Amino acid sequence: MQIELKSPAEGRFYLPAEETLDSAALGALQRRKLAALLEQVRAGNAFYRQKLDGVSFDPMRDPLDRLPLTTRGELEADQTAHPPYGQNLTYPLDHYTRLHQTSGTGGRPMRWLDTRQSWEWFARCWGIILTSSGVTSSDRVLFAFSFGPFVGFWGAFEGACALGTLCLPAGGMSTVARLRMLLENKATVVCCTPTYALRMAEVAAEEKIDLPGSSVRLLIVAGEPGGSIPETRRRIESAWGARLIDHTGMTEMGAVGFECLPRPGQGVHVIESEYIPEVIDPTTQKVLPDGATGELVLTNLGRWGSPLIRYRTGDQVRLTRGRCECGRCFARLEGGILGRVDDMFVVRGNNVFPTAVEAVLRRFSELGEFRLTVHEDGPLTQVLLEIEPMPDVEAHAQLCDRVGQALHQSLSFRAQVVAVPAGSLPRFELKAHRFIRKRTTG
Ligand SMILES: [Zn+2]
């Protein structure tokens, strides 16, 4: 498969034909791609051959839920039983050209191989994300990301290269060195996590660097839900004086979602020309109607070398459809990823996601980093919130009180709020670990 990116000179808001199909045509395209994928998979992929054994499914007609779901646990068990790569490989091992592994936040890191064709598909998905954000060959894109085995922005780098932008790989550098690189090369776009966008802004302030005065006009963030949390994105946008674009993706799935320009902060589109999204009830595993909140299930249509069919992402979403102001009929995840299904905790009868806590905390400009620890001791759940007041804030006790009240008003639970010295909580470059869960038995 070729990377099919037209010259960006053809239009800043470049919309390839597949992106503007109506829902019926999009559905037909997905089914054709699914049929082609299943043919490859049934021929050569031991993992899926086993799962699909005895399943009668006509890819052009049958409802998708005739196919079994795939779970992270199954993939991990497969890699344990067939080390080191497992059996979700459609082609012989010598066809594979890249290894990545998951960041390990959901448990043990998982290895993921791609063929040249699969990797080109990954980069092409990123091409859609970049062009929809108005990135052109005139842009200079800085990747504030360690180019290690975690897939992170590797695909973005490849997609941006294919688009003809000047790509600035800022891996293995201190934050100060990255900021200098950004200024010296007049970067116009930065790709990083929301947390790291805030960290760079924090260091820029210490170094008296005027980020809003820099040439950066766009930040593409991924890896955490922050890009769609209103207060987090407002904080990042004001610190940088640049528009933020949220993106969602997963090592084992690919580059999935993007925020379109006309709907800032309202969620992300799923690239439906390359993925089939469904939403299920995580308990009953039944498919839910559009507009209902549930767990996102995805099928990727172009990563034939290591595909995922009806994969339970563990992400809590609300999916809607209809033609968007941007001209696309791609499904939308309203508000982005609302939280991880596994991260939800229950306190005083309320279901709470750590993302909801973050949304409250980011309203406080006097507050920097934070850490949330949930102790689940039998029927009583206790929540400890450590906050770092900004260096110029003196009345720590008052700030803790106000934060505690805001949490109680918004989320109906009381947390023990404690101020800790500025700079004492960990800083993150990849996925932030601000949420700790402690369970005691008995
Ligand atoms: Zn749109």
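The values are calculated or read from the model by the stated rules, or taken from the named source; none is laboratory data. The structure displayed is predicted, hence computed values, not measured ones. No Cβ is skipped: glycine too gets one built from the backbone with ideal geometry, and neighbour counts run over all protein chains shown. For accessibility, only protein heavy atoms count, side chains too; no ligands or nucleic acids. Shrake-Rupley method; radii C 1.70, N 1.55, O 1.52, S 1.80 Å.
If you plug the beta carbon distance of Val346 and Phe57 into 1/(1 + (r/R0)^6) with R0 = 45 Å, you get a FRET efficiency near 0.75.
Taking Cα atoms only, the orientation of helix 23-44 departs from the longest principal axis of the chain by about 70 degrees.
Among Ser306, Ser215, the order of accessible area from largest down is Ser215, Ser306, computed with a 1.4 Å probe on protein heavy atoms. Using a cut-off of under 15 Å, list every residue of region 121-162 whose amide N is near the label point 7 Å from the Cα of His95 along the Cα-to-beta-carbon line. Correct set: 121. Note on exposure: Lys208, Lys438, Lys51, Lys286 ranked by accessible area (1.4 Å probe, complete protein assembly) read Lys208, Lys286, Lys438, Lys51, with the most exposed listed first.
Between Arg427 and Ala17, the FRET efficiency from the beta-carbon distance, with R0 = 45 Å, is close to 0.55. Projected label points at Thr284 and Gln87, each 7 Å from Cα along the beta carbon direction, are separated by 3.3 nanometres.
Computed from Cα atoms, the angle from the helix 72-81 axis to the main principal axis of the chain rounds to 70 degrees.
Placing a pseudo-label 7 Å from each Cα along the Cα-to-Cβ vector at Arg49 and Ala77 gives an inter-label distance of 2.0 nm. Given a cut-off of under 8 Å on Cα pairs at least six residues apart, what relative contact order in percent is computed for region 345-440? Here the relative contact order equals 35 percent.
Its Cα centre serving as origin, region 25-137 has a Cβ charge dipole (Lys and Arg +1, Asp and Glu -1) of approximately 200 debye. Dividing the mean sequence gap of close Cα pairs (under 8 Å, 6+ apart) by how many residues the chain holds gives a relative contact order of 14 percent.
Counting only DSSP beta bridges with both residues in the chain, what percent are antiparallel, rounded to the nearest 5?
That works out to approximately 60 percent antiparallel.
Once all protein chains are placed together, Asp78 keeps about 20 Å² accessible to a 1.4 angstrom probe. At 25 °C and a viscosity of 0.890 mPa s, what translational diffusion coefficient does Stokes-Einstein give for region 1-340, taking Rh as the Kirkwood radius over Cα pairs? Give it in µm²/s as a whole number. In µm²/s, the coefficient rounds to 120.
Placing unit charges on each Cβ (+1 for Lys and Arg, -1 for Asp and Glu) gives the chain a dipole about its Cα centre, and among Ser412, Leu301, Gly368 the Cα reaching farthest toward its positive end belongs to Leu301. Of Ser23, Ser238, Ser56, the residue with the greatest mean-square motion in the GNM of the chain, using alpha carbon springs below 10 Å, is Ser56.
Spin-label model, Asn185/Asp210: points 7 Å from Cα along the beta carbon direction are separated by 2.4 nm. Using Cα atoms only, what is the angle between the long axis of helix 175-184 and the major principal axis of the chain, expressed in degrees (0 to 90) to the nearest 10? Compared with the principal axis, the helix lies near 70 degrees. If R0 is taken as 35 Å, the Cβ-Cβ distance between Arg414 and Asp65 corresponds to a FRET efficiency of 0.25. About its Cα centre, the chain has a charge dipole of approximately 240 debye under the convention of +1 per Lys or Arg Cβ and -1 per Asp or Glu Cβ, with nothing else charged. If you run the Gaussian network model on the chain, springs between alpha carbon atoms under 10 Å, then out of Glu334, Glu388, Glu376 the most flexible one is Glu376.
Checking every one of the GluC sites (Glu not before Pro) in region 146-242 against DSSP loop status and a limit of 13 other Cβ atoms within 10 Å picks out Glu207. Where both bridge residues fall in region 283-442, DSSP classifies roughly 70% of the beta bridges as antiparallel.
Report the net charge of residues surrounding Leu142, where surrounding means a beta-carbon distance below 15 angstrom and charges are Lys +1, Arg +1, Asp -1, Glu -1.
+3
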